[in-house]
1. To the nearest 0.05, what FRET efficiency results for E101 and V232 with a Förster distance of 30 Å applied to their C-beta separation?
2. Kindly write out, for region 18-25 in residue order, the coupling ³J(HN,Hα) from the Karplus curve 6.51 cos²θ - 1.76 cosθ + 1.60 (θ = phi - 60°), rounded to whole Hz, with x marking Gly and Pro.
3. Along the Cα→Cβ direction, 7 angstrom out, place labels at R93 and E157. What is the inter-label distance in nm?
4. Report, by chain and number, residues whose modeled amide H sits under 5 Å from the one on D47, excluding near sequence neighbours (fewer than 5 apart, same chain).
5. Which order, highest average first, do 26-34, 83-91 follow once you tally other Cβ atoms within 10 Å for each residue and take the mean per peptide?
6. For the modelled label position 7 Å from the Cα of E36 along Cα-to-Cβ, which residues of region 107-147 have backbone nitrogen atoms closer than 17 Å?
7. Please give the contour-minus-distance gain from R136 to A77: 0.36 nm per residue of separation, less the Cα-Cα distance, rounded to one decimal in nm.
8. Quick check: pseudo-label points 7 Å beyond the Cα along Cα→Cβ at R186 and D25, how many nm apart are they?
Amino acid sequence: MNSAEQHYEQLLARVYAWSVASAGDPTERAERWLREHGLLDAERYLDLGAGFGAHVLPLLAAGKQVTAVDFNAELLAQLAAAASGAPRLSLARADLVDYLEASGESRWDVILCLGDTLTHLDSTDRVERLLASAVRHLKPEGRLAIGYRDSSEFQAEGLARFVPVASDHTRSMHCLLEPIDATYLRVTDIVTDVTAEGPRTRLSDYRKLRIACAALIGWAGHTGLQLLSQQVDRGMTSLVFRRLRAT
Ligand SMILES: C[S@@+](CC[C@H](N)C(=O)[O-])C[C@H]1O[C@@H](n2cnc3c(N)ncnc32)[C@H](O)[C@@H]1O
């Protein structure tokens, strides 16, 4: 099985923007999500697992200062091209937990970890390290927003394990989801490109974390984060926390 980093390098990075565009303009959806969660009122933002910049681009358009972290060079290059040299953008190619832990005295108003990035971490220990480190790097009253899929109760048999992701005249993509144990889900992406020589299918699998929302809220509480809002929309859980002043 690939690591999450290898999976993006070998398969997903090249098709990721295409796969999410089939549900509508991703930057418009991201801008709406940020507005609905009251997150457009700050100045300094850190986006952990920024990808091609679905959330970064509307933040830049709103005049915000943004640091975007991602371990995938191809997605960061797409973001850099779309932002076309925006002076208020800093890009970092790094593991997001390592980046936060090495961030010295830096402080942000809002830290984002959206689009199911959290479940790509390789253990719940790293999730707890991310939360603890995020608290240290938030200004007092600063907010941490997490958007992820809670697959802790996921079960599927037979054909129900195959999820259609996106399809057009050039390509189709499915995802095979298989619980490994209580902690991990095996995700196999199946991408078929229509080429001049005929269809060409590529597969790659990696592990995602199964994180129960109640457990995540509990870990966050222990680090000094207060839950401000919790919402589930089409299988995606959105949590916004605030750093307590005393922490
Ligand atoms: C599902 S995408 C979400 C992208 C974006 N946040 C969004 O909402 O569209 C996950 C992103 O996180 C990045 N990623 C996953 N694990 C990471 C890690 N440990 N360190 C840095 N980037 C990571 C991937 O390269 C990918 O760009």
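1. With a Förster radius of 30 Å, E is 0.50.
2. So the Karplus estimates, Gly and Pro as x, are 4, 5, 8, 5, 5, 9, x, 4 Hz.
3. 4.6
4. Here T67, A68, V69, L112 satisfy the definition.
5. 26-34, 83-91
6. Under 17 Å, as judged by backbone N against the label point of E36, lie 113-116, 145-147 of region 107-147.
7. Roughly 18.3 nm would be gained on extension.
8. 4.1
Every number here is computed from the coordinates shown, using simple stated rules; none is lab data. From a predicted model like this one, the values you see are computed outputs, not experimental measurements. Reconstructed Cβ throughout: ideal geometry from the backbone, glycine too, with neighbour counts over all protein chains shown.
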